[in-house]
Amino acid sequence: MRQNSSPNRPMVERGTSWRLDGNAITLVFVAAGRDEIDLAYLGPHLPDGEDLLALVAAGHFGRHENEPDDPRIGGLLPQARDGYRGRPAFQIRSGEQAVHCDFQLVNVEADGCRMTAMWVEKSTGLQVDLHWKIVDARTIEVTTQLLADDEGDIILESASSLSLPLPRPFSHMTAFHGRWAREMQATTSRIGPQAIEMRSANGKPGFDAGNWLIFHGDDGQKDGGECLGIHASSCGDHLAHVVQDQDGRACLSIEALRQPGGIALNAGDTADLGQVTLILGDDRDHLTQLFHDHVRTHILPLRSDWGPRKVHLNSWEALAFDLDETKLRTLATAAADLGIERFVLDDGWFKGRRGDHAGLGDWQVDEAIFPNGLTPLIDHVQGLDMDFGLWVEPEMVSPDSDLYRAHPDWCLHDNRADRPTERNQLVLDLSREDAFAYIHDALAALLDKHDIAYLKWDHNRRLFPDNGLQQFAIQRLLGKLRQRYPAVEIESCSSGGGRVSFDILQQCHRIWPSDNNDPIERLRIMESWTRFLPLEILGNHVGPSPNPITGRRTDMDFRAKVALFGHMGVETNPAAMSEDERAVLRAHIALYKQWRALLHQGDFRQLHHPETGIYGQMVVNGERALAVVAQTGFAENFNVAPVRLPGLDAGKLYRVTLPKPWPHKASAYLADPAAWESGMVLSGRVLAERGLALPLTHPETAWLIAIEEKG
Ligand code: GLA
């Protein structure tokens, strides 16, 4: 370790400020101490002539009693020295010894919409390059790179990808925590002196909270007011920590690259701490639109080439492990009859996989189920005008598999005698070149031999013991396969929405938001995901009734209307439906095809209804809009408040219809069915301000509302 070396560094004069501009926002940073950079402004675009000195001065509070004579503010790289009491950006060990970090600011470069600040830690020589960049009109990307000095090895016990002094209007935070089958439950907290800490462990960031956050200035009951959405892109574990100090300053820190035991940096090593994205919206609906635009433009792989999002039939909740070729052919034939366009063979097709106790790792077609291989089934599916998709779980291995018997050391394990399983499986250590090559080649062999249009890529076991390298290996594996098979679509599933992040989405075309297809649960789950992600990547399936997870029975009309808002699919056996149910489902699949171009390209908004239990979503694209409103409870009053449909041109006239089929019971309460069928002509203003009186009294009632500009 260095002893008190003092790098030659140009002094950054206290009070120096830097201004970054996007089309709609401005950031102002200021050198607030010898080595501290503070965020002086993050908000709507400032006038060109804004006096930054005055802006900074007018934002300064005077010194009060009981603080250091030269108070420390933390800023973009808080450090535990000179009296700063908050959470430090870095905690470092050298051997067994804790390093008393002294990061010295050596350079700041700012230009237009980007700024890079560089610090060097005095005793270890660790260099930190922090980049802030405004992309798009209101989106900021923050990345941090580390370079270890060539004099010694260190352990980073914690390392912040983002330290953000929170601008004062943001007094509240909404985070999304979840679990299997109940993802993304929104919880709003007031930010105060009791720290809020959210962490994910074991490689499933989507089941915890902290990688999708919204900061706002109210208690979350209303949707008005400026808000800041934040996402940590990494698909590994994260920690998010928010606290307000005694001086009333709140700071968010996100550590997105976390490894058990810390991150070891050897001399000369570099590390990238992952990207954090910040988006500033005028209100929550606006924030949603900005997230969708950002994901569509910057994250999704070549979305413009995708073509229409095909309707899936997935075999999981239809047949589970009860597979044979005849049953699958029958299922495919029944699927085609409904208008399905892609047949997805889920779990259970590969060697030895008769249940969830065996087979993972042996990615060869099981001869007991498919004596002549997969090709005859694929031919049958394609003969019905559908394409073929396949479930895989490449990162896993079953102890009862040929792969494990041949290579018991290829799984993540430590030196204990036992290897605890989850869902009877272990995780392949893909940072090993041999394991990586085996899995890559096994998938390539499948894709070379068969005409496979789509992979459902699952990840069901948590990563324990984790070596911290898996997230990079998985990115590399996906990247290599994407390059070799660019036409193959990939869905990311992790027991549902366990692993959803921009890093994963950069390689994938769809996510599986939840295993829970119960429409009442699904409405809430989709409400949360759609705050950040557009409908075309959110799989949404019609499941069986009773639902295998919740046991709830629901009407086909309700299930189908809920599934239409997303990338629609069916995950139940048409043979188990009545003729009437099949007709209702077929009609909704036809509606989905008719409207999907709009649903998957338009501007999405949640519809806010005063009654609890009513969910609404609407997508507007140019002259057309489609909305769904769904009642999940039993209304207090017979007539609920009219459904208001904002976002259209107030001065234009629209023809409004309720596309059929209608919910059976509720349609009896429609005041003028003929008018709803042929269409009512109303202005955008009436639709937004007064709204439509619809029968939404009974649970499991949903209406589609079609709106088309009157020519
Ligand atoms: C996970 C997925 C399900 C299904 C099963 C198959 O639970 O989330 O959708 O694919 O695995 O085993």
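The residues Tyr84, Tyr592, when put in order of fewest to most other Cβ atoms within 10 Å, stand as Tyr84, Tyr592.
Quick check: the distance between the Cα centres of the stretch 485-505 and the stretch 168-228, to the nearest angstrom? Cα centroid to Cα centroid, the span is 23 Å. Shape index of the stretch 219-303: Rg/Rh, with Rg the Cα radius of gyration and Rh the Kirkwood radius from the inverse mean 1/r over Cα pairs, equals 1.06.
Angle of helix 325-338 to the longest C-alpha principal axis of the chain, folded into 0 to 90 degrees and rounded to 10: 90°.
Residues with beta-carbon under 15 Å from that of Gly15, excluding Gly15: net charge, scoring Lys, Arg +1 and Asp, Glu -1? It works out to a net charge of -3.
Entry note, the stretch 556-711: relative contact order of 27 percent, from Cα contacts under 8 Å with a spacing of 6+ residues.
Working value for the stretch 652-711: equivalent-ellipsoid semi-axes of 21, 12, 9 Å, each the square root of 5 times a Cα gyration tensor eigenvalue, largest first.
Taking only the alpha-carbon positions of the stretch 255-399 and ignoring solvent, what does the Debye formula give for the base-10 log of I(q)/I(0) at q = 0.09, 0.15, 0.17, 0.18 Å⁻¹? Values, matching the q order: -0.52, -0.91, -0.97, -1.01.
Against the longest principal axis of the chain, how steep is helix 284-294, in degrees 0 to 90 to the nearest 10, with axes from Cα atoms? That works out to roughly 90 degrees. When only Cα pairs under 8 Å and 6 or more residues apart are kept, what is the percent relative contact order across the chain? The normalised contact order for the chain reaches 9 percent. As a proxy for reagent exposure, ranking Asp346, Asp69 by other Cβ atoms within 10 Å from fewest up yields Asp69, Asp346. Each peptide in 696-702, 548-554 gets a packing score, the mean of other Cβ atoms within 10 Å over its residues, and the list from highest to lowest is 696-702, 548-554. Counted over all Cα-Cα pairs of the chain, pairs farther apart than 32 Å make up 56 percent. In the stretch 579-618, Rg over Rh equals 1.12, where Rg is the alpha-carbon radius of gyration and Rh the Kirkwood radius from pairwise Cα distances. Remark on the stretch 428-537: Rg and Dmax equal 15.1, 45 Å (Cα only). In a reduced charge model with +1 at each Lys and Arg Cβ and -1 at each Asp and Glu Cβ, the stretch 217-318 shows a dipole moment near 500 debye about its Cα centre. Solvent-free Debye calculation, one equal scatterer per alpha-carbon of the stretch 86-142: log10 I(q)/I(0) at 0.18, 0.19, 0.22, 0.30 Å⁻¹ equals -0.71, -0.75, -0.88, -1.17. Listing Ser233, Ser163 from fewest to most neighbouring C-beta atoms within 10 Å gives Ser233, Ser163.
Could you work out how far the C-alpha centroid of the stretch 647-678 sits from that of the stretch 570-602, in angstrom? With the stretch 647-678 and the stretch 570-602 each reduced to a Cα centre, they are spaced 20 Å.
For the chain, the longest principal axis of the C-alpha atoms and the axis of helix 470-484 are separated by about 50°. Using all pairs of distinct alpha-carbon atoms, the Kirkwood hydrodynamic radius of the stretch 279-336 works out to 15.1 angstrom.
Here, each number is a calculation from the coordinates, and none is a lab measurement. Fair warning: this is a prediction, and the values are worked out from it, not measured in the lab. As a convention, Cβ positions derive from the backbone with ideal geometry for all residues, glycine included, and neighbour counts pool all protein chains shown.
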